[in-house]
Amino acid sequence: MRKHIVAGNWKMNNGLIQTETLISELKQQTKTSDAEVMIAPTFTNLWHAFESTRQDDIEVIAQNMHFAENGAYTGEISAGMLKSIGIKTVILGHSERRAYFNETDDSLAKKVDTALANTMRVIFCFGEELSDRKAGNEEAVVERQIKNALFHLEASAFKHIVLAYEPVWAIGTGETASPEQAQDMHAFIRKTLNSKYGETVADDMTILYGGSVKPNNAKEIFSKPDVDGGLIGGAALNAEDFYAIVNAF
Ligand code: 13P
């Protein structure tokens, strides 16, 4: 089923004390929308964040994981480790992981498989670079990213996947895609899913937009029919701003 989701990707920000502070500020906010609220603190604070939001309407999710179940992968975290502390959702394929940590469509396909095999929900990110958009290639790039990492899956797997379109040129730049640009791409994504998996999978898919979503532009972006929520970076580090976005539905 299609849902409204607003997820905060904290990236590599906030130590333990700041995590505690931000979570207690988030708890003081009031949710007036039907959006599911998620936060993705860094690995070291996941357990603490999970424990301190047990009674709250906030899901704590992970920013990444490895594709292997376990083994000699120094510095990495497995799906089983995340599950062992109660984490049920993982962000995969963020453009920063692709750009700085050499994540490829192939390695992401493996990560998606491992997450699903561990009954985790995946927020799968993709999006074009500025040069792709300038060349008019944004749809081709997005189509390739989705097909390469996801189109080996059975239709039933898509119940456990949320898509997040994040144009790289809009991340952390203050320059957001216009609501029309977001809508056009989200409609294209649905069409791409429809071509392989049919209308039910396409219509039921929750598709988030990410890239400089702020309290002052969230309402307009979320008003578009194919935009089901947001993956929020900078604005997720401030409780009031984050809930202004959550409540923009
Ligand atoms: P900003 O909201 O800071 O542009 O970041 C978006 C993002 O990368 C969320 O994953």
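Numbers for the structure displayed
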| item | result |
| --- | --- |
| Which listed residue, of Ser84, Ser24, is open to solvent by 10 Å² or more (accessible area, probe 1.4 Å) and either in contact with a Ser or Thr (Cβ under 8 Å, 6 or more places away or on another chain) or under 18 Å from Tyr243 (Cα atoms) (or both) | Ser24 |
| The listed residue being touching a residue at least 24 places away in the same chain (Cβ under 8 Å), aliphatic (A, V, I, L, M) and more than 19 Å from Asp228 (Cα to Cα), out of Ala164, Ala140, Ala149 | Ala149 |
| The listed residue being modelled with pLDDT of 95 or more and part of a loop (DSSP other than H, G, I, E, B), out of Glu103, Glu96 | Glu103 |
| Enumeration of residues in segment 1-21 that are over 21 Å from Lys219 (Cβ atoms) and open to solvent by less than 70 Å² (accessible area, probe 1.4 Å) | Trp10, Lys11, Asn13, Asn14, Gly15, Thr19, Thr21 |
| Single match in Ala109, Ala140, Ala202, Ala157 (criterion: farther than 29 Å from Leu237 by Cβ and over 18 Å from the mean Cα position of the chain (by Cα)) | Ala140 |
| Contacts under 8 angstrom Cβ, first residue in segment 204-217 being without any contact (Cβ under 8 Å) to a residue 12 or more places away in the chain and closer than 16 Å to Val168 by Cα, partner open to solvent by less than 10 Å² (accessible area, probe 1.4 Å) and part of a loop (DSSP other than H, G, I, E, B), 6 or more apart | none |
| In segment 193-249, residue nearest to Glu36 (Cα to Cα) [restricted to those that are open to solvent by less than 10 Å² (accessible area, probe 1.4 Å) and away from the ligand (no atom under 16 Å from the Cβ)] | Met205 |
| Segment 1-27 - residue that is among the basic types (Lys, Arg) and closer than 17 Å to Leu237 by Cα and, of those, farthest from the ligand (Cβ to nearest atom) | Lys27 |
| Residue identified as assigned to a loop (DSSP other than H, G, I, E, B), more than 16 Å from the ligand (Cβ to nearest atom), open to solvent by 80 Å² or more (accessible area, probe 1.4 Å) and more than 14 Å from Ala239 (Cα to Cα) among Thr44, Thr74, Thr30 | Thr74 |
| Criterion (under 27 Å from Glu25 (Cβ atoms) and of a type in the set (Phe, Trp, Tyr)) met by exactly one of Tyr209, Tyr197 | Tyr209 |
| Residue match in segment 167-177 (condition: at pLDDT 95 or above, within 16 Å of the ligand (Cβ to nearest atom), under 27 Å from Lys31 (Cα atoms) and buried (at least 16 other Cβ atoms within 10 Å of the Cβ)) | no |
| Single residue of segment 178-188 satisfying the filter (closer than 16 Å to Lys219 by Cα and either in a helix (DSSP H, G or I) or among the acidic types (Asp, Glu) (or both)) that is least open to solvent (accessible area, probe 1.4 Å) | Ala182 |
| Matching option when the condition is open to solvent by 40 Å² or more (accessible area, probe 1.4 Å) and of a type in the set (D, E, K, R), among Glu138, Glu129 | Glu129 |
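The values are calculated or read from the model by the stated rules, or taken from the named source; none is laboratory data. All figures in this text were calculated on a predicted structure; none of them were measured in a lab. Cβ sites come from the backbone with ideal geometry, for glycine too, and all protein chains shown count toward neighbours. Side chains included, ligands, DNA and RNA excluded: accessible areas come from the protein's heavy atoms. Shrake-Rupley method; radii C 1.70, N 1.55, O 1.52, S 1.80 Å.
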